[in-house]
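Reading through the structure tokens given below for one structure.
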Amino acid sequence: MSSLKKQSSSLTEKAGISSPEITNVSAINQIKNKRRQQPTAEELISGILSGNRTSLSRAITLIESTNPEHAEKANQIIKGCLAHANKSVRVGITGVPGVGKSTFIEAFGTYLTQLGKKVAVLAVDPSSSISHGSILGDKTRMEELVKDENAFIRPSASGENLGGVARKTREAIILCEAGGFDTIIIETVGVGQSETAVHSMVDFFLLLKISGAGDELQGIKRGIMEMADAIVINKADGDNIKKANQAKLEFNRALHLFPPKKSNWQPKVTTCSAIAKEGISEIWNTISDYFEMTKESGFFQEKRHEQNQFWMMETINEQLKSNFYNQPEIISLLEQNKKAVQNDEISPFAAASELLKFYFSKDTK
């Protein structure tokens, strides 16, 4: 009776598929060894220049790595691609969370590929300050664009980097340009009025807004508004069309209060519906007009030169910081000073001064 109950129990396991008795050990080892093999810098450069997406993705992963062992290889790849870069236009797109950046970029990117453009989207997702993780869901949101043969989407985590971009976005642009992409779109995390980093690496800065959410009040504030070369009020569809047109008037008034731009370009305000794909062509016409004007005046190239100088200084700062925090003696001394600061045995400023003094005296020996 007990055995009958045991057989009729819903918890009884059924026999599954057993593992084959004969296993090709050689084939398994070959697969494992292939996975362990890492392509050389020369192989990755060759792959990027020939338009291989896998090589491009692997190279970006390498330059984003914080492992010091990867730095030299990453620098070789950047150096090898540099001669083939600077042949694209770079468009930065920002806006508050919920403004529809991903939907807009998909509609905008699809429109550009239909014109025969090759589009690379470098999308930056915010990282959690608690878990330090990121969702990186941009490919999921851009279902149509991700299937396009003339588009490449690369999501990256912002990490602790401020300014709405990832730590190595600038280098990723170089690799994408070497890969043959003529239009680079950078989607920022949308942190509001501190998008200075993305502004320093793009040719055209587009600010997405929405109406009916109090967002038009931001038009009277300086900061990010002064950086924008165009303002686009998204979600101008259905019952929201009237509100979007009203917001357009408000932003136009606000822009006239700002001093003229160095480029002599007057920022444009327009409306669109990314989900209905309306108003997209007008936005590209505005961007094209900007490029035509700034290239004729020489401002386009002048801005590129200024950006190169800016990123040289940023790279120096980053490498000094990395070198400082990776010194074994500094790591040990830093922990001691942290405890001393917490116990009010020394001020934070004196502790910092002591650490820097030790670092520079050690470095000059």
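What the table shows:
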item: Sole residue being more than 29 Å from E143 (Cβ to Cβ) and either free of Cβ contacts under 8 Å to residues at least 12 places away in the same chain or in contact with a Pro (Cβ under 6 Å, 6 or more places away or on another chain) (or both), chosen from Q114, Q38, Q76; result: Q38
item: Output for the stretch 244-261, where each listed residue is more than 19 Å from P97 (Cα to Cα) and surrounded by 11 or more Cβ atoms within 10 Å (Cβ to Cβ); result: N245, Q246, K248, L249, E250, F251, N252, R253, A254, L255, F258, K261
item: Qualifying residue in the stretch 66-80 (condition: assigned by TED's automatic domain parsing to the domain that holds E177, buried (at least 21 other Cβ atoms within 10 Å of the Cβ), at pLDDT 90 or above and at negative phi); result: no
item: Residue within the stretch 264-287 that is loosely packed, with under 13 Cβ neighbours inside 10 Å and farther than 30 Å from S102 by Cβ present; result: yes
item: The stretch 85-115 - residue that is among the small types (G, A, S) and outside any loop (DSSP other than H, G, I, E, B) and, of those, farthest from the chain's Cα centre (by Cα); result: A107
item: In the stretch 300-335, the residues that are surrounded by 13 or more Cβ atoms within 10 Å (Cβ to Cβ) and either in contact with a Ser or Thr (Cβ under 7 Å, 6 or more places away or on another chain) or within 19 Å of E354 (Cβ to Cβ) (or both); result: F300, Q307, F310, N323, F324, Q327, I330, L333, L334
item: Which numbered condition E216 fails, given (1) at pLDDT 65 or above; (2) surrounded by 20 or more Cβ atoms within 10 Å (Cβ to Cβ); (3) outside any strand (DSSP E or B); result: (1)
item: Residue in the stretch 321-343 that is on the phi < 0 side of the Ramachandran plot, under 31 Å from the mean Cα position of the chain (by Cα) and of a type in the set (D, E, K, R) present; result: yes
item: Test for I153: is it modelled with pLDDT of 90 or more, buried (at least 18 other Cβ atoms within 10 Å of the Cβ) and not in a helix (DSSP H, G or I); result: yes
item: The stretch 240-253 residues that are without any contact (Cβ under 8 Å) to a residue 60 or more places away in the chain and assigned to a helix (DSSP H, G or I), paired with ones that are crowded, with 18+ Cβ neighbours inside 10 Å and not β-branched (V, I, T) (beta carbon under 6 Å, 6 or more apart); result: K243/S211; A244/S211; A244/A236; A247/S211; A247/E216; E250/E216; E250/G219; F251/G219
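The values are calculated or read from the model by the stated rules, or taken from the named source; none is laboratory data. Because the structure is a prediction, the values reported are computed rather than measured. Cβ: placed from backbone, ideal geometry, glycine included. Neighbour counts: every protein chain shown.
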